[in-house]
Each structure stands twice: as C-alpha cells, then as structure tokens.
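The values are calculated or read from the model by the stated rules, or taken from the named source; none is laboratory data. Just so it is clear, the model here is predicted, and its values are computed rather than measured. Here Cβ is always computed from backbone atoms with ideal geometry, including for glycine, and neighbour counts include all displayed protein chains.
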Amino acid sequence: MRNHKPGLRRPALIALGVLLGCAGPALADTSEPPVYDSALFKKLDADRDFFVSRAEAKRVRGFDAAFAEADENRDGRLSPDEFVKAESIHERAHAATYLDDSVITAKVKLALARDLPATAVSVETHRGRVLLSGFVDDEQDVRRAREIAASVRGVAKVTSGLQIK
C-alpha cells in the first residue's frame, strides 16, 4: 500500500490544471491562417494556401503594378495583409483611369465646340482611346475633328464614327 495523503494530492492536481489552463492558450499553435473576407482574395487564391501568387494575380487585368508595390517582402506572393494594400492600390489606379478619361472627354468636347461649333459630335473615351460619333457637314470636318481630338493631351488613339449629313 502506498504511503501518501490523499488530501494533499488533490489541490496539487487542481493547481496544475489551472496553471495548464492559463498557459495553454499561450503555448497553443497560433499558426492558423488569417481570416480575410475578400471575395477577390478568395477567388484568386486558387490553391487555398492563404496567399495570392503572382501567377494567381494575373487573372486580374492591370493588377501587376499593384502586386509589385504591395509585395513588401518580395517573396512573389501576397499575404492577406499585403493583398489589402494591393487591392487598394489597384482600385485607386482604376479610379484614376476613369477620372483621366472624363477629363480627356471634356477637353475634346471643348476643343471641338471651339473649332467646329456647328457640328453635333459625341465623344466617348476609354483608357485614352477616343471615339467620335455623330454628324458633320463634310469630309473636311471629319478630318478636322480627328485632328482636334488627337491633339488633346492624354489621347492615345482616335476612332471616328462620324457621318456626313
């Protein structure tokens, strides 16, 4: 028969349990993947490794520049935190494109109104490419409208859908 006092053993076990209960969370493995609730991140993370690789990011047009800027540790993949930054950079660049296009449209319309006031020309711009449509008096007005639009800073290409009355 063992020679021990049962009364002393129980408090020691309780103290040990409390100690392990408090230390347990500190000693636990905290390498769980971070929670990031972005639909785009989930869509791009094809291999579900909680990183977006450069190859995965290529599925979004124009994302390469944002990827390069946000990849702080230069490991060729974006963590959820880096992805938040990349997404923000990409959205700002995308918004700037729309702003640039609207400025180009306004400048082309103003220049056309000055030089060809009697015409009904509509102007649409997408990524610096200008589409002219509507009616003009003659072929000379078609050429002049194209020249005017092409002379505006930021215009990459001019397409004419202009028709002679």
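In the stretch 112-125, what residues are buried (at least 17 other Cβ atoms within 10 Å of the Cβ) and not in a loop (DSSP other than H, G, I, E, B)? L112, V121, V123, T125 - these are the residues of the stretch 112-125 that are buried (at least 17 other Cβ atoms within 10 Å of the Cβ) and not in a loop (DSSP other than H, G, I, E, B). When R114, R146 are screened for being of a type in the set (K, R), over 27 Å from the mean Cα position of the chain (by Cα) and modelled with pLDDT of 95 or more, only R146 passes.
Inside the stretch 62-99, residues that are farther than 27 Å from V155 by Cα, surrounded by fewer than 19 Cβ atoms within 10 Å (Cβ to Cβ) and among the polar types (S, T, N, Q) make up a count of 1.
The set of residues in the stretch 121-143 being at negative phi and within 37 Å of the chain's Cα centre (by Cα) consists of V121, S122, V123, E124, T125, H126, R129, V130, L131, L132, S133. Restricted to the stretch 130-150, and to residues there that are of a type outside the set (A, V, I, L, M, F, W, C) and under 11 Å from L112 (Cα atoms), the residue that is surrounded by the fewest Cβ atoms within 10 Å (Cβ to Cβ) is E147.
Of all positions in the stretch 52-63, at least one carries a residue that is among the aromatic types (F, W, Y), outside any strand (DSSP E or B) and at pLDDT below 95.
Entry remark, the stretch 126-139: residues being assigned to a strand (DSSP E or B) and in contact with a strand residue (DSSP E or B) (Cβ under 8 Å, 6 or more places away or on another chain) number 8 in total.
Within the stretch 149-165, the set of residues being within 38 Å of the chain's Cα centre (by Cα) and not in a strand (DSSP E or B) comprises A149, A150, S151, V152, R153, G154, V155, A156.
For the stretch 64-80, taking the residues that are part of a helix (DSSP H, G or I) and touching a residue at least 24 places away in the same chain (Cβ under 8 Å), the one that is farthest from A96 (Cα to Cα) is identified as P80.
Screening the candidates L99, L116, L78, L112 for the property of being farther than 30 Å from I148 by Cβ and of a type outside the set (D, E, K, R) yields one hit, L78.
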